[in-house]
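S.K.: First, the structure itself, so that you have it in front of you.
The values are calculated or read from the model by the stated rules, or taken from the named source; none is laboratory data. Bear in mind the structure is a predicted one, so any value in this text is a computation, not a measurement. Note that we place each Cβ from the backbone using ideal geometry, even for glycine, and neighbour counts take in every protein chain shown. For accessibility, only protein heavy atoms count, side chains too; no ligands or nucleic acids. Shrake-Rupley method; radii C 1.70, N 1.55, O 1.52, S 1.80 Å.
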Amino acid sequence: MCQLLGMNCNVPTDICFSFEGFSARGGRTDEHQDGWGIAFFESLGCRIFLDAKPAIASPVANLVRRYPIHSTHVIAHIRKATQGGIALVNCHPFQRELWGRYWVFAHNGNLLDFHAQTTFYQPVGQTDSERAFCLILETLRQSFPTGKPPLKQLYPVLRDITASIADKGIFNYLLSDGEHFFTYCSTKLCYIVRQAPFAAAHLIDEDITVDFQKLTTPCDRVAVIATTPLTDNEVWTQIHPGELLVFQDGLPHQF
């Protein structure tokens, strides 16, 4: 199946270090060769880069590795196709508008016999992932037609539709509107929070070490979320199956 990478932080930060290791799994250190994508929120705007080529062979991925885009919300995905062909239209993350904001979604898993009935949001590609995203947004839109509600009202609705979809199979996902960053673990997802005192980190998939103490201030805080740990000298926290977390300013919360 696919792999996920997310970042949420309290100050705009680049994801170059994590993406270097993550993208290596797109055909060099792992078998996820069926496309990739990454989304960066910048205020209300959102940059998305997608390519149906493997991440290790993609000129677009090479650009992202060397382009230090600073963002507080980032979602990335490398694909191993289970439903839908190898095509740009089926690459994650997917993007739609809701309540005057962009929403971005990426999924790792496989939803069996999943046929969502939606009217406003329609999938463009052939993946179960995009169908699930459309159903989530349609549910939120129908539940709160006048605009985005406070998080304490939104969370239980998202939790319930997530649980309903997860009944169909494996449903690990990352979801963000640039204000809140949601992560749901169906089977496998973990995170690390980097904050003062910062230390050096070494990638598992590339022989690269970065000393974050030299690149940060004492007030910085960065949460990195991934399907499996990206570094071998840090302690990653496993998210429990069935747990829906909300990250804000680099910290996880559960309601």
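S.K.: Any residue in segment 164-185 that is exposed (fewer than 15 other Cβ atoms within 10 Å of the Cβ), in contact (Cβ under 8 Å) with a residue 60 or more places away in the chain and farther than 17 Å from Asn8 by Cα?
M.R.: no
S.K.: State which residue is most open to solvent (accessible area, probe 1.4 Å) when the search covers only segment 91-125 and only residues that are of a type in the set (Phe, Trp, Tyr) and in contact with a Phe, Trp or Tyr (Cβ under 9 Å, 6 or more places away or on another chain).
M.R.: Here the answer is Tyr102.
S.K.: Going by what's in this entry, would Pro150 be described as open to solvent by 30 Å² or more (accessible area, probe 1.4 Å), under 26 Å from Arg221 (Cβ atoms) and modelled with pLDDT under 95?
M.R.: For Pro150, the condition - open to solvent by 30 Å² or more (accessible area, probe 1.4 Å), under 26 Å from Arg221 (Cβ atoms) and modelled with pLDDT under 95 - is not met.
S.K.: Next up: Could you tell me which numbered condition His202 fails, if it satisfies all but one of (1) more than 16 Å from Asn10 (Cβ to Cβ); (2) surrounded by 15 or more Cβ atoms within 10 Å (Cβ to Cβ); (3) in contact with a helix residue (DSSP H, G or I) (Cβ under 9 Å, 6 or more places away or on another chain); (4) not aromatic (Phe, Trp, Tyr)?
M.R.: The single condition His202 does not satisfy is (3).
S.K.: Can you give me the number of residues within segment 221-254 that are surrounded by 15 or more Cβ atoms within 10 Å (Cβ to Cβ) and free of Cβ contacts under 8 Å to residues at least 40 places away in the same chain?
M.R.: 1
S.K.: Please specify each residue of segment 153-163 satisfying the condition of being open to solvent by 20 Å² or more (accessible area, probe 1.4 Å) and either of a type in the set (S, T, N, Q) or at positive phi (or both).
M.R.: Across segment 153-163, the qualifying residue is only Gln153.
The rows are residues; the columns are (1) of a type in the set (Lys, Arg); (2) within 28 Å of Asp30 (Cβ to Cβ); (3) at pLDDT 95 or above.
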site	(1), (2), (3)
Cys190	no, yes, yes
Arg194	yes, yes, yes
Ile208	no, yes, no
Arg221	yes, no, yes
Ala226	no, yes, yes
Thr231	no, yes, yes
Trp236	no, yes, yes
Ile239	no, yes, yes
Phe255	no, no, no
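S.K.: With respect to Ile208, determine if the residue is open to solvent by 50 Å² or more (accessible area, probe 1.4 Å), farther than 25 Å from Tyr173 by Cα, touching a residue at least 24 places away in the same chain (Cβ under 8 Å) and touching a helix residue (DSSP H, G or I) at 6+ places or on another chain (Cβ under 7 Å).
M.R.: The answer is yes for Ile208.
S.K.: Restricting to segment 38-60, name every residue that is touching an Asp or Glu at 6+ places or on another chain (Cβ under 7 Å) and not polar (S, T, N, Q).
M.R.: Val60
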